[in-house]
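Note sheet for the following structure.
The values are calculated or read from the model by the stated rules, or taken from the named source; none is laboratory data. Keep in mind that this is a model prediction, so the values were computed, not measured. Cβ atoms come from the backbone with ideal geometry, glycine included; neighbour counts cover every protein chain shown. When the accessible area is computed, the model is the full protein with side chains, heavy atoms only, and any ligands, DNA or RNA have been set aside. Shrake-Rupley method; radii C 1.70, N 1.55, O 1.52, S 1.80 Å.
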Amino acid sequence: MVHSFTPRSAMRFEQIGESGAWLIHLNTVRDDRGSFARVWCSETFRSQKIAFAPVQGNTSRTLRRGSIRGMHFQRAPHADAKIVRCSQGAIYDVIVDLRPTSETRGRWFAQELSGDDDLMVYIPKGFAHGFQTLTDAAVVEYLMGEKYVPELYDGFRHDDPAVAIRWPLPASAISERDMCWPDLSLRLPWWPGEQT
């Protein structure tokens, strides 16, 4: 059988609230062999007025359902925007707006992503990111807008009371580092809500 590829719009962008983050719907071409989708196009992002230029690509494989990775961010002057997608299994993906002057400061947003859907999330600079695996053997792919700078790498606990993220499953595994982050409200004096 001869297969042909018909070009069409590469992606559809759906804004997540007023946050500046975007849910990206991929236009996937399927046939009897499987599927094909474009996951990055600088021209498409420019036309959407999103200034993002990947400098690094990462992948994580998490073995156990219920595991949590996060919540992570990189501080200025190397705050990092990123694109995240799940290429195998399924995750509950969470972002938190940490920008001090943002209209959505302090709010968290969640989206289920899976290897069977056609979704990605664009996360602007100034957000924290993390996820919980909804299946065993979940693979997450990242395009990063900044290089990793260890001394600027930061985070907060998945159960930090200042954020109060509602995770869908009991946590089955969390790294020691991710369990030891200090309270976010003690480090961000502008944090909305009650301060201790």
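The table below lists the values:
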read-out: Region 48-67, subset of a type in the set (A, V, I, L, M, F, W, C) and open to solvent by less than 60 Å² (accessible area, probe 1.4 Å), residue farthest from Asp80 (Cα to Cα); value: Ile50
read-out: Elements of type strands (runs of 3 or more DSSP E) in region 119-193, at least 3 residues being touching a residue at least 24 places away in the same chain (Cβ under 8 Å) and open to solvent by 20 Å² or more (accessible area, probe 1.4 Å); value: 138-144
read-out: Close pairs (9 angstrom Cβ cut-off, 6 or more residues apart or separate chains): under 22 Å from Pro168 (Cα atoms) and in contact (Cβ under 8 Å) with a residue 12 or more places away in the chain in region 92-103, buried (at least 24 other Cβ atoms within 10 Å of the Cβ) and aromatic (Phe, Trp, Tyr) anywhere; value: Tyr92/Phe131; Asp93/Phe131; Val94/Phe131; Ile95/Phe127; Val96/Phe127; Val96/Phe156; Asp97/Phe127
read-out: Test for His72: is it of a type outside the set (Asp, Glu), open to solvent by 30 Å² or more (accessible area, probe 1.4 Å), touching a residue at least 60 places away in the same chain (Cβ under 8 Å) and touching a His at 6+ places or on another chain (Cβ under 7 Å); value: yes
read-out: Matching residues, region 8-28, being without any contact (Cβ under 8 Å) to a residue 60 or more places away in the chain and closer than 15 Å to Glu112 by Cα; value: Glu14
read-out: Phe45 being farther than 25 Å from Ala171 by Cβ, open to solvent by less than 30 Å² (accessible area, probe 1.4 Å), touching a helix residue (DSSP H, G or I) at 6+ places or on another chain (Cβ under 6 Å) and not acidic (Asp, Glu); value: no
read-out: Matching residues, region 114-141, being within 10 Å of the chain's Cα centre (by Cα) and under 16 Å from Ile68 (Cβ atoms); value: Ala128, His129, Gly130, Phe131, Val140
read-out: Boolean, Gly115 is open to solvent by 10 Å² or more (accessible area, probe 1.4 Å), in contact with a Cys (Cβ under 7 Å, 6 or more places away or on another chain), touching a residue at least 24 places away in the same chain (Cβ under 8 Å) and within 24 Å of Gln56 (Cβ to Cβ); value: yes
read-out: The one condition in (1) charged (D, E, K, R); (2) surrounded by fewer than 15 Cβ atoms within 10 Å (Cβ to Cβ); (3) touching a Gly at 6+ places or on another chain (Cβ under 9 Å) that Asp32 fails to fulfil; value: (3)
read-out: For Leu143: the one exception among (1) touching a Ser or Thr at 6+ places or on another chain (Cβ under 7 Å); (2) more than 17 Å from Val96 (Cβ to Cβ); value: (1)
